[in-house]
Amino acid sequence: METIKEAISHLETLANDALVSGDIVKYTELLVDSTTLKGNMESFENGTNPIDYAGVTLILDKYGLAYDN
């Protein structure tokens, strides 16, 4: 189990690994997903929107990750 912030960090690490290996498609996909999670967290922390748990779950399930909310 990971927090959403830990999951973001994990996806960013995977994105960097993909970039180093030259897999630009995977890098872009991971970067978009981690940025989506970051935006979700920032809007929650700013009090503008609740966390979109369904969206978070979809992204994390895609990479076999689970999270603690």
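The values are calculated or read from the model by the stated rules, or taken from the named source; none is laboratory data. Just so you know, these numbers come straight off a predicted model, no measurement behind them. Every residue, glycine as well, gets a Cβ built from its backbone with ideal geometry; the counts of neighbours run over all protein chains shown.
Just to be sure, is residue 27 surrounded by 13 or more Cβ atoms within 10 Å (Cβ to Cβ) and at pLDDT 90 or above?
Details: surrounded by 13 or more Cβ atoms within 10 Å (Cβ to Cβ): yes; at pLDDT 90 or above: yes.
Here the answer is yes, as residue 27 does meet what is asked.
Hey, could you check segment 30-47 for residues that are exposed (fewer than 13 other Cβ atoms within 10 Å of the Cβ) and of a type in the set (D, E, K, R) and say which is nearest to residue 63 (Cα to Cα)?
That would be 42.
Quick one: what pairs do we get from segment 35-57, first residue under 17 Å from residue 9 (Cα atoms), second part of a loop (DSSP other than H, G, I, E, B) and not small (Gly, Ala, Ser), C-beta under 8 Å, 6+ apart or different chains?
From segment 35-57, the pairs are 40/49; 40/51; 40/52; 41/51.
Quick check on my filter: what residues within segment 1-46 are outside any helix (DSSP H, G or I) and of a type in the set (Gly, Ala, Ser)?
Scanning segment 1-46 gives a single hit, 22.
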